[in-house]
1. Could you list, in sequence order, the residues of segment 101-138 that are closer than 19 Å to Q22 by Cβ, among the charged types (D, E, K, R) and in a loop (DSSP other than H, G, I, E, B)?
2. Which number in (1) assigned to a helix (DSSP H, G or I); (2) closer than 15 Å to V44 by Cα marks the one condition that Q206 misses?
3. Taking E214 as the residue in question, decide whether it is in a helix (DSSP H, G or I) and among the acidic types (D, E).
4. Across segment 40-86, what is the total count of residues that are hydrophobic (A, V, I, L, M, F, W, C), farther than 26 Å from A164 by Cα and open to solvent by less than 20 Å² (accessible area, probe 1.4 Å)?
5. Filter segment 8-33 for residues that are within 19 Å of S134 (Cβ to Cβ) and outside any helix (DSSP H, G or I) and give the result.
6. Quick one: I49 ticks every box in (1) modelled with pLDDT under 95; (2) of a type outside the set (G, A, S); (3) touching a Pro at 6+ places or on another chain (Cβ under 7 Å) except a single one, so which number is it?
7. Scan G37, G25 and give me the residue that is surrounded by fewer than 20 Cβ atoms within 10 Å (Cβ to Cβ), within 27 Å of H198 (Cβ to Cβ) and out of contact with any helix residue (DSSP H, G or I) (no Cβ under 8 Å at 6 or more places or on another chain).
Amino acid sequence: MGNAAAELRPRPTFELEAAELQLHGGPVAGVDEAGRGPLAGPVVAAAVILDPERIPDGINDSKVLDEETREFLYLRIRATSIVGVGIADVKRIDRQNILHATMWAMAQAVAQLPQTPKLVAIDGNRAPKLGCPSRTVVKGDARCLSIAAASIIAKVTRDRLMVALGAEHPGYGFERHKGYGTAEHHDAIKRLGVTVHHRRSFRAVQLALGLITEDEEVV
């Protein structure tokens with residue numbers, strides 16, 4: 001399983017977690033999100049505490065894994081690790097904006113863990129307010145094994161939600177493009193209109209609704 005891109009890139013390691021465990025003890029959680037960019041659907045965050053003795057083989061940044069591999073690893077991570085998931089729906093995204101909704105989902109994912117981590121390693125350069133120490137790791141899903149595991153949980157969870165939306169709203173292709181602004185998706189919006197699952201705070205959706213013109217900016 002896997003693809004050529006996954007084989008060529010440097011693989012994430014357990015070095016950050018191992019050093020933290022040795023210095024301060026654990027547990028150490030990795031956090032990542034899926035779905036900041038799409039025009040529709042929720043943003044999903046996951047927090048994962050890997051068991052150092054039972055780390056599944058093949059964990060990598062979800063973006064370089066094919067769907068079959070992600071689904072397999074999702075099940076393996078769920079079976080061997082402690083997992084929390086936070087989901088910010090479209091109403092929250094439109095009310096708070098996508099950045100704040102993402103931070104909220106990350107905090108929710110950590111809150112869902114049955115034990116408080118000694119450290120939370122977060123993908124990117126922004127961290128939500130947590131009740132425990134955190135560290136941001138730029139491109140963490142390609143560098144840190146716990147973050148990569150979280151990226152897989154978040155991605156598969158969100159993809160499953162979008163497949164369900166595809167069945168609920170036939171014709172939009174949610175099951176294929178997962179809400180991203182593909183040509184198929186833009187064409188579906190033109191033909192079928194905007195659903196309740198579309199993010200009205202996003203420029204492309206506001207244009208489709210006639211709320212702004214091409215020359216105006218989204219506030």
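1. Scanning segment 101-138 gives a single hit, K118.
2. Here Q206 clears every test but (2).
3. Against the criterion (in a helix (DSSP H, G or I) and among the acidic types (D, E)), E214 does not qualify.
4. Qualifying residue count, segment 40-86: 2.
5. Once the filter is applied, which keeps residues that are within 19 Å of S134 (Cβ to Cβ) and outside any helix (DSSP H, G or I), segment 8-33 yields P12, F14, G25, G26, P27, V28, A29, G30, V31, D32, E33.
6. If we test I49 against (1) modelled with pLDDT under 95; (2) of a type outside the set (G, A, S); (3) touching a Pro at 6+ places or on another chain (Cβ under 7 Å), just (1) comes out false.
7. It is G37.
Conditions tested, residue by residue: (1) modelled with pLDDT under 95; (2) open to solvent by 20 Å² or more (accessible area, probe 1.4 Å).
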| residue | (1), (2) |
| --- | --- |
| M106 | no, no |
| A127 | no, yes |
| K139 | no, yes |
| A154 | no, no |
| A167 | no, yes |
| R176 | no, yes |
| L211 | yes, yes |
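The values are calculated or read from the model by the stated rules, or taken from the named source; none is laboratory data. Since this is a predicted model, take the numbers as computed values, not measurements. Every residue, glycine among them, receives a Cβ derived from its backbone with ideal geometry; neighbour counts consider all protein chains shown. Ligands, DNA and RNA are stripped out before the accessible areas are found, and what is left, the full protein with its side chains, is counted by its heavy atoms. Shrake-Rupley method; radii C 1.70, N 1.55, O 1.52, S 1.80 Å.
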